[in-house]
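S.K.: Before I ask anything, let me first share the structure, which is written out below as structure tokens.
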Amino acid sequence: MSRILSCLLDEHAWYLVLVAMVLCGVASAGMYLLRRRARECGTQRRRAWRIAAATVGGLGFWATHFIAMLGHQGTGQMLYAPGLTLFSAWAMVFTLWGAFSLRDRMPGHGGTVTIGILSGLGVAAMHFIGMAALHTVMPVTYDLAIIVPVILGSTGLMVAGCWVFGRQSGTQQILWPTQLTTLGVGVLHFGAIVGTRFPQPMDHVHIPGGHPLMIGGVALVGFFVVVGVVAIAFVDRMLTDLRGLASAALEGLVIVQDDRIIEANDIFAALVGHPVEELRGTWPDRWLTALDGQALRQDRPAPFEAEIAGGDRLCEVAVRMVEYRGRRSEVLAVRDLTESRRAREKIAYLARHDALTGLANRASLREALVEAERRTAAGEQVALLAIDLDRFKAINDLFGHAAGDEVLCQVADILREAAAPGDAVVRMGGDEFMILQWDQPQPRGAQALAGRIMDSFAEQMDVARNPLAVRASIGVALMPDDAVLGETLCHHADLALYRAKDAGRGTCCFFDGDMDRAVQARRQLEQDLRHTLLRDQLYLVYQPLVCSNTQRIVGYEALVRWKHPERGEIPPSDFIPLAEESGFIIQLGEWVIREACRAASHWPDHITLAVNVSAVQFQVDTLPGIVRAALVESGFDPRRLEIEITESVLMRDRDAALATLHRLKQDGVRIAMDDFGTGYSSLSNLQAFPFDKLKIDRSFVSTLDSDDAARSIIRAIVGLGRGLNLPVVAEGVETETQRRMVAEEGCAQAQGYLFGRPSRDLAEGMGRAAAPMPSAALPSAAAIVAPPAVDAAVRRVA
């Protein structure tokens with residue numbers, strides 16, 4: 001090796017050596033690029049690319065040899081025979097082409113070694129044929145002790161270059177083989193020069209045009225090699241750009257030839273989690289598995305779904321046949337469906353489940369009820385439990401929706417734990433839940449499930465200590481005993497739930513046929529109620545309000561009554577709640593206010609009118625306008641009108657209700673708090689609005705003569721009213737003892753059957769008595785009395 005370096009440094013022009021080695025490297029790179037291109041093509045085009053590779057490599061190595069010989073300074077000017085010189089060039093080309101062509105017949109390691117050996121021997125043959133073209137008087141001799149090891153070393157480097165080329169991919173597939181091949185050519189040339197004995201002095205035979213021809217030929221070959229490699233680089237760059245465009249696509253692209261991946265873009269590499277270099281040469285089945293079990297490479301008319309290796313990602317694959325790099329190839333277009341599938345699954349989940357609790361929703365229940373119909377037709381039994389939470393609305397109003405959501409999630413957990421794994425636990429909306437129970441003997445299964453639910457609520461929801469605790473009311477209906485259709489089953493479970501809530505809440509009730517009949521009757525009653533105004537079936541009665549001490553009448557409370565053409569008198573306790581639930585109370589309330597004001601407009605000026613207004617009427621903002629219109633139409637003094645409300649009005653929408661009350665107050669209407677002391681009584685209500693009167697609920701008055709606590713409560717309410725300068729009215733006074741006791745406690749006014757039952761004739765008679773008459777016959781105020789038909793207790797009008 002030291003002699004080779006000495007020869008290289010001392011006996012050659014360094015600039016020509018540099019040109020020769022650069023040219024050799026460029027030729028080697030071009031040769032391997034073309035070989036790689038040949039491997040990618042079909043048989044016909046592969047032959048053309050191999051010829052191109054052999055030509056670029058052979059002529060490049062040949063030009064390297066002669067440029068290096070031109071730089072040799074130890075022998076003076078050299079002349080070459082043109083014939084042998086050209087023959088040496090084509091010998092190199094044909095040797096490489098023959099070696100490359102063996103690859104199809106010898107695809108394994110043996111073929112790689114054979115190509116390397118033939119390439120090394122071809123370089124050696126080219127060198128020594130070229131040396132034979134050198135014309136001297138005495139022949140050139142060789143030192144075989146040097147020549148043989150040099151040939152073996154050079155051939156070994158060529159074999160190594162071919163071996164690396166067959167094992168690497170990408171840039172490494174070109175870079176390392178180029179270096180090894182360039183080194184092999186250089187070792188052979190300069191090593192052979194060391195082992196060559198030139199005659200001294202060296203006399204040359206004159207060859208006409210030999211030296212100039214040789215220089216021109218070498219220059220032309222060098223130019224050809226450079227242009228060829230530049231063209232190769234340009235083509236490769238175009239391919240790189242195409243790969244870049246492929247990588248910029250939104251889909252993964254894979255090109256398959258002979259059941260192997262030869263190219264893939266970055267999108268596909270990212271999908272499978274491996275670089276492109278690792279994908280080349282592998283089977284597509286290693287990375288993709290069709291869900292239908294068919295082969296990936298089958299030419300399919302429609303896209304299909306496949307699973308990406310690892311099992312956590314899903315994709316859509318379309319297979320098409322194209323011509324790529326001169327061969328028919330399969331192109332797999334791979335689109336990642338993982339996120340879209342997850343989104344679809346999430347949408348499908350949300351469509352069938354409650355977003356807050358994760359329980360099934362109404363849509364899931366409908367599907368489950370269809371299954372229930374099928375099972376019961378086959379002889380099975382199914383139970384449906386309708387569950388409603390007690391106190392939940394109060395929690396929502398007092399603590400906010402966040403606290404309400406927390407309670408709902410806790411309830412959902414309780415129901416999940418109580419139900420069997422196969423049961424359908426459903427949130428219907430709000431605080432309503434349902435459980436569809438399967439595979440249990442009924443009604444024992446439903447009774448056991450309801451018992452577990454009640455026990456869990458009692459254990460986890462301590463109403464006495466936890467302000468967020470709730471109780472559950474449960475209604476149960478069975479299929480097929482109570483219904484054969486799912487919709488009917490739900491309806492009957494709801495009816496049983498209503499019965500449970502009416503029974504005192506926190507209880508469980510099973511459906512029976514009487515419930516359905518009661519509901520049908522209620523529905524018919526609601527239908528009839530909506531026609532009462534058109535059919536003139538409603539009328540007003542008036543109950544007197546008296547001074548507790550003098551028993552003089554100071555006003556009347558208007559009460560609505562309904563005379564049904566078939567059922568007779570319908571109690572207000574039956575149709576008023578029905579009107580509130582159906583919303584008919586809005587029209588009904590407006591009629592009551594207008595009719596009462598019209599009738600009261602004929603009363604004496606000192607007689608007041610009280611009208612009860614439902615909390616439902618406060619949910620619309622038209623109440624002040626309705627009252628104002630009734631006053632204008634009737635000419636009734638607004639200061640004589642009292643609107644009675646209960647505290648429930650202020651519980652629904654406090655701000656809106658207070659705004660409505662203030663508007664009524666501004667019109668001169670007086671506001672009374674009815675049924676004070678029951679429900680959600682709160683002193684803050686008295687502070688928030690300046691009421692004109694408090695009315696004590698009849699439940700305290702009815703036990704006044706036997707319950708000291710009731711008397712103490714009345715005394716406290718009267719004291720509160722006195723402190724707020726509010727007159728207090730005692731309702732439900734039925735005995736003289738009760739009248740005397742409420743008067744002693746300080747109630748300014750009283751109302752009850754003791755002073756007269758509600759009557760139509762009472763107000764009509766008073767209206768007639770108050771009608772204009774001749775001045776000579778006009779009675780004094782003390783003489784204006786009710787008709788004789790009125791209860792005897794009502795004797796004087798104050």
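S.K.: For a quick size check, give me the Cα extents of the stretch 457-564 along its three principal axes, largest first, whole Å.
M.R.: The Cα atoms of the stretch 457-564 stretch 60, 46, 19 Å along their principal axes.
S.K.: Whole number please: convex hull volume per residue, Cα atoms of the stretch 244-342, in Å³.
M.R.: Hull volume normalised by residue count: 98 Å³.
S.K.: Would you mind computing, in nm to one decimal, how far apart the modelled labels at R375 and R39 are, each placed 7 Å from Cα along Cα→Cβ?
M.R.: Spacing of the two 7 Å Cα→Cβ label points: 6.3 nm.
S.K.: At 0.36 nm per residue, minus the direct Cα-Cα distance, what do H274 and E736 gain on full extension? Give it in nm, one decimal, please. Working shown, then result.
M.R.: Numbers: separation 462, 0.36 × 462 = 166.32 nm, distance 9.90 nm.
That works out to 156.4 nm of additional length.
S.K.: Grab the Cα-Cα distance for W14 and R654, subtract it from 0.36 nm times how many residues apart they are, and report the gain in nm with one decimal.
M.R.: Answer, rounded to one decimal: 220.2 nm.
S.K.: Given R₀ = 51 Å, FRET efficiency for D692-D514 by Cβ-Cβ distance, to 0.05?
M.R.: 0.65
S.K.: Starting from the Cα of D259, step 7 Å along the direction of its Cβ; do the same at Q666; then give the gap between the two resulting points in nm.
M.R.: So the two model labels end up 9.0 nm from each other.
S.K.: Might you report the magnitude of the Cβ-based charge dipole of the stretch 352-511 about its Cα centre, with Lys and Arg at +1 and Asp and Glu at -1, to the nearest 20 debye?
M.R.: Dipole size: approximately 140 debye.
S.K.: Using Cβ counts within 10 Å as a stand-in for footprinting exposure, how do W90, W176 rank, fewest first?
M.R.: Least to most surrounded, the residues fall as W90, W176.
S.K.: Can you tell me what percent of all Cα-Cα pairs in the stretch 91-197 are more than 24 Å apart?
M.R.: Details: 1558 of 5671 pairs.
Cα-Cα pairs in the stretch 91-197 separated by more than 24 Å: 27 percent.
S.K.: Using only the Cα atoms of the stretch 559-675, construct the convex hull and provide its projected area averaged over every direction, in square nanometres to one decimal.
M.R.: 7.6
S.K.: If you don't mind, there's one more thing I want to ask. What is the packing order of peptides 251-261, 654-664, taking the mean over residues of other C-beta atoms within 10 Å and listing the highest first?
M.R.: Working: 251-261: 18.6, 654-664: 17.0.
Highest-to-lowest ranking by the protection proxy: 251-261, 654-664.
S.K.: When the chain is fully extended, how far beyond the present Cα-Cα distance does A716 get from S699, taking 0.36 nm per residue of separation?
M.R.: Roughly 4.6 nm would be gained on extension.
S.K.: Further question: Provide the convex hull volume over Cα atoms per residue for the stretch 545-587, in Å³.
M.R.: In the stretch 545-587, the Cα convex hull volume per residue is 117 Å³.
S.K.: Using Cβ counts within 10 Å as a stand-in for footprinting exposure, how do L538, L588 rank, fewest first?
M.R.: On the way: L538 17, L588 24.
So the ranking, lowest neighbour count to highest, is L538, L588.
S.K.: If you place +1 on the Cβ of every Lys and Arg and -1 on the Cβ of every Asp and Glu, how big does the dipole about the Cα centre of the stretch 476-543 come out, in debye to the nearest 20? List each step's numbers first, then the result.
M.R.: On the way: 8 positive and 11 negative charges, 61 e Å.
The calculation lands at about 300 debye.
S.K.: Right, here's the next one. Given the C-alpha centroids of the stretch 260-333 and the stretch 552-605, what is the distance between them in whole angstrom?
M.R.: 80
S.K.: Can you give the FRET efficiency for R530 and T488, using 1/(1 + (r/R0)^6), R0 = 25 Å, r = Cβ-Cβ distance, to the nearest 0.05?
M.R.: Once the sixth-power term is evaluated, E becomes 0.50.
S.K.: Which residue, chosen from A372, G358, A450, occupies the Cα position most advanced towards the positive end of the dipole of the stretch 352-511, where the dipole is computed from +1 (Lys, Arg) and -1 (Asp, Glu) charges on Cβ about the Cα centre?
M.R.: Farthest along the dipole direction, towards plus: A450.
S.K.: How far apart, in nm, are the 7 Å Cα→Cβ label points at R105 and A81?
M.R.: Simple spin-label model gives 3.2 nm for this pair.
S.K.: State the dimensionless ratio Rg/Rh of the stretch 352-511 (Rg: radius of gyration of Cα atoms; Rh: Kirkwood radius).
M.R.: That ratio is 0.96, to two decimals.
The numbers here are math on the coordinates, done by the rules we state, and not lab data. As the structure is a computational prediction, the values presented were derived from the model and not from experiment. Using ideal geometry, Cβ is built from the backbone for each residue, glycine included, and neighbour counts are taken over all protein chains shown.
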